[in-house]
Amino acid sequence: MSFRNGNNERKRGRAADLRSLLGKLSLRSKLGACPPLSREWQQRLERVEDATTLAAIRRSTSRGRPLVGDSFLSKLEHTLGKRLRALPVGRPRKEPK
């Protein structure tokens, strides 16, 4: 008798979703080979961020959400055909009859 692990099935599903999204994006084909970093870009990467920006980057990274503006996020959701914004936390409220 064998038992299926639901977590493994969900992980496989998520991996397939990710492969599908990457296929839709295909950034490498759109951008071609990445050029070497310019001096300006190297300086930007080496710059120390202020506490507010650093907190936003950490929050976005830990939640797995993109750190972009609202209009760009809407365009990205439309292009990918997938919701990228977090859903409200908790159970939906009952509607009055």
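Taken together, the values in this text are just the output of simple stated rules run on the coordinates, not laboratory data. Quick caveat, the model's predicted, so the values are computed rather than measured. Here the Cβ is made from the backbone with ideal geometry for all residues, glycine too, and neighbour counts use every protein chain on show.
Once the piece of chain linking Arg44 and Leu87 is laid out straight, how much longer is it, given 0.36 nm per residue of separation minus the C-alpha distance between them?
Details: separation 43, 0.36 × 43 = 15.48 nm, distance 3.29 nm.
Contour length minus Cα-Cα distance gives 12.2 nm.
Could you work out how far apart the two model spin labels at His78 and Ser60 are, taking each label as a point 7 Å from the Cα in the direction of the beta carbon, and quote it in nm?
It works out to 2.1 nm between the two label points.
Which FRET efficiency value, to the nearest 0.05, is calculated for Lys97 and Asp70 with the Förster distance at 41 angstrom and r the Cβ-Cβ distance?
Values: r = 35 Å, r/R0 = 0.85.
Rounded to the nearest 0.05, the efficiency is 0.75.
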